[in-house]
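Asker: Dropping a structure here in structure tokens format, bear with me for questions.
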Amino acid sequence: MRNIKVYVNSNSSVKFDQLPIKRDWMEATFDRHAYNCFPMSLANRLGWTFSYPEDIVFIWDGINDSSDFHVKILKGNKYAHPNRGNRTISFNTGITFDPKENITLLTMPVPNQFIAGTQCITTLITNSVLATEIPVAWMITLPNVEITIPAHTPIAAILPISLEQLQTHEVTVINGSPEYPDNYDQYLFERGEIAKEMNKNGIWTNFYRDAVDHLGHSVGNHETKKIILRVNYEKNN
């Protein structure tokens, strides 16, 4: 396991941690049903994040240029500012990844988190070149509406990745379909019928999560069923 040092400015009230699994809209689904979707729940934990202890409220007047007065921070000025212009707000993250670590940081919108009228901008940053607080900005897409980022809301997903490893992958596009076993259409029909019957009775199949078919046979292996991005806090002597 690789341990990466992350420095949080002592004057900052930012909280740094792994992304939580919870999303407000998923909590609001009947019987919290959305969490039964394994691919989505797994993705919810994809990255570290930071959040603030107070709401941030802002509004954009609809004019898009490089000046900073078209966006007004109505609450939370110590956490965000409009200095970049171009209908964006930037965050005072107070977070610096150790510049001696030569890593690429993917910063992107928090998976499955939705705030109307705004979205985190996706960036790729070479940490050793940056050597300062990680920059994070949101683009505003809805003018003349007050937008609120509630307190404790994850601001961005931050993930170390290897661009070199990504570039060792390629795809070959083939017209047609993969080879399937005989009677595969019947197999899919039976699986679908069983899944429908289970869902009617309020039972989640968990076929995908458990990597099995409707007969209980293994159909592959997940690389992992949990994403664990540990956060250790240095103890003061």
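The values are calculated or read from the model by the stated rules, or taken from the named source; none is laboratory data. Computed from a predicted model, the values in this text were never measured in an experiment. Using ideal geometry, Cβ is built from the backbone for each residue, glycine included, and neighbour counts are taken over all protein chains shown.
Asker: What do you reckon, is residue 51 more than 20 Å from residue 160 (Cβ to Cβ), among the small types (Gly, Ala, Ser) and out of contact with any Cys (no Cβ under 9 Å at 6 or more places or on another chain)?
Answerer: Considered against the rule, which asks whether it is more than 20 Å from residue 160 (Cβ to Cβ), among the small types (Gly, Ala, Ser) and out of contact with any Cys (no Cβ under 9 Å at 6 or more places or on another chain), residue 51 comes out as no.
Asker: Yes or no: residue 131 at pLDDT below 95 and touching a helix residue (DSSP H, G or I) at 6+ places or on another chain (Cβ under 8 Å)?
Answerer: no
Asker: Another question about this same structure. Quick one: which of 133, 190 is over 25 Å from residue 22 (Cα atoms), touching a Ser or Thr at 6+ places or on another chain (Cβ under 6 Å), surrounded by 12 or more Cβ atoms within 10 Å (Cβ to Cβ) and of a type outside the set (Ser, Thr, Tyr)? Before the answer, list the steps.
Answerer: On the way: 190 fails: touching a Ser or Thr at 6+ places or on another chain (Cβ under 6 Å).
After applying the criteria, what remains is 133.
Asker: Still on this structure, I have one more. For residue 144, which of the numbered conditions (1) closer than 24 Å to residue 111 by Cα; (2) in the same structural domain as residue 50 (by TED's automatic domain parsing); (3) part of a loop (DSSP other than H, G, I, E, B) fails to hold?
Answerer: Among (1) closer than 24 Å to residue 111 by Cα; (2) in the same structural domain as residue 50 (by TED's automatic domain parsing); (3) part of a loop (DSSP other than H, G, I, E, B), the lone unmet condition for residue 144 is (1).
Let's see how each residue does on (1) in a loop (DSSP other than H, G, I, E, B); (2) in contact with a Phe, Trp or Tyr (Cβ under 8 Å, 6 or more places away or on another chain); (3) of a type in the set (Lys, Arg):
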| residue | (1), (2), (3) |
| --- | --- |
| 113 | yes, no, no |
| 116 | yes, no, no |
| 124 | no, no, no |
| 152 | yes, yes, no |
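Asker: Filtering region 100-131 down to residues that are of a type in the set (A, V, I, L, M) and touching a residue at least 40 places away in the same chain (Cβ under 8 Å), which residue is nearest to residue 55 (Cα to Cα)? If you could, list the steps in order and put the result at the bottom.
Answerer: Pass one, region 100-131, residues of a type in the set (A, V, I, L, M): 103, 105-106, 108, 110, 115-116, 121, 124-125, 129-131.
Checking which are touching a residue at least 40 places away in the same chain (Cβ under 8 Å) leaves us with 103, 105-106, 108, 110.
Working: 103: 32, 105: 26, 106: 25, 108: 21, 110: 17 Å.
Looking at residues that are of a type in the set (A, V, I, L, M) and touching a residue at least 40 places away in the same chain (Cβ under 8 Å), I get 110.
Asker: Sort out for me the helices (runs of 4 or more DSSP H) sitting completely within region 157-237 that have 1 or more residues that are of a type in the set (Gly, Ala, Ser). Steps first, please.
Answerer: Numbers: elements: 163-166, 184-200, 207-210.
Here the list reads 184-200.
Asker: Report whether or not residue 161 is within 28 Å of the chain's Cα centre (by Cα) and modelled with pLDDT of 95 or more.
Answerer: Answer is no for this residue.
Asker: Test residue 41 against the criterion of being small (Gly, Ala, Ser) and touching a helix residue (DSSP H, G or I) at 6+ places or on another chain (Cβ under 8 Å), and give yes or no.
Answerer: yes
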